[in-house]
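Contents: one structure, followed by commentary.
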Number of protein chains: 2
Amino acid sequence: MTFPLLTDQVTQTLRAQGGRMTAQRRLILDVLQASDSHPTAEELYALARQSDPSLNLSTVYRTLNWLEERGFVSPRRFDDNHAHKHFDPVQPDGGHVHHFHCRKCDRVIEFSAPQVELLLEQIRGEIARQHGLRVDDAALVLSGLCMDCVAKS
Amino acid sequence: MTFPLLTDQVTQTLRAQGGRMTAQRRLILDVLQASDSHPTAEELYALARQSDPSLNLSTVYRTLNWLEERGFVSPRRFDDNHAHKHFDPVQPDGGHVHHFHCRKCDRVIEFSAPQVELLLEQIRGEIARQHGLRVDDAALVLSGLCMDCVAKS
DNA sequence: GTATATGCAAACTGTTTGCATTTAC
DNA sequence: GTAAATGCAAACAGTTTGCATATAC
């Protein structure tokens, strides 16, 4: 799951926008590319410091933000600790609610449809079989434009 | 999407575990129940303080954690700001990678299968049609036990 | 040479914790 | 009366920012 072109692409963008390819950025990109473990900023920092102990954590954050703004990396959140959480009441019937997040107005819309549940069940089975693991839960987060924002555009 | 029984259920559990139903807890539960906006702890705090300005933020956190531990509320994370992020390289072909999160060893396993993509496509269409919105992206996070942890148990 | 990045320390946000006081049972 | 919950302040983790210094172009 590595993309040998990442550093090159970034260098191009950098050039196009009057930015500069520094040793730190190159290092961070290398580490990012070499890693398939979804590192957090801190983990990436620790890895990169093995090569350059003088690297600063804020440089890592600045670089990651820069990369994210330009679509080179995408943030994911898996762990429930230390995260900015939203709390929903849990459904008494144990049924599942999934979410749609409008990227324009930030609205969150819940949905749950039997057909969706059925399809998800197939996916869960598929993945469980393929990887030999046990799937207990499936969280689906769709994103796009909600009805209101679609109407406005 | 409200469950009138929430406060009652919590009271029962509380009783069963030697806990106490306080005015603060009742207030937090009421606010949680009345709200369909997926409030964060801070938002919930702000809402609840309208009824009881002496309510403390740490009480809100403690109550939410208590509720979460007992399965009464479930945390969700939607916003990319202020969250504990994991960074992945974005795939150049725009293809999709989904994730499996082992709740025991915290390992994250990527997967992407054409069948899954196909099923997700159906879900996206279904939801888009049902709600009249535009779905640009679908993030699927499965969780359970990974192969290693299954083997160990 | 100049604009851009860096390192460092200090600030900031969201969350947790220790402890004395209050309160539900 | 006693164990459990609260309020408060202080600590904590992850992230951002201001500023002087260094460096890519």
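FYI, it's all coordinate maths here, none of it is from the lab. Quick caveat, the model's predicted, so the values are computed rather than measured. Heads up, the Cβs are rebuilt from the backbone with ideal geometry, glycines too, and the neighbour counts pull from every protein chain shown.
Show me, for the stretch B:23-33, the HN-Hα J-couplings you get by feeding each phi into the Karplus relation (A = 6.51, B = -1.76, C = 1.60, θ = phi - 60°), rounded to Hz, glycine and proline as x.
With coefficients 6.51, -1.76 and 1.60, one gets 4, 4, 5, 4, 4, 4, 4, 4, 4, 4, 6 Hz.
HN-Hα J couplings of the stretch A:39-55 from phi, Karplus 6.51/-1.76/1.60, θ = phi - 60°, integer Hz, Gly and Pro as x?
x, 7, 4, 5, 5, 4, 4, 4, 4, 5, 5, 5, 8, 9, x, 8, 4
Given H placed on each backbone N at 1.01 Å, which residues far from B:Arg107 in sequence or on other chains put an amide H within less than 5 Å of it?
B:Cys102
Quick one: order B:Phe100, B:Phe111 by neighbouring beta-carbon count within 10 Å, fewest to most.
Lowest to highest Cβ neighbour count: B:Phe111, B:Phe100.
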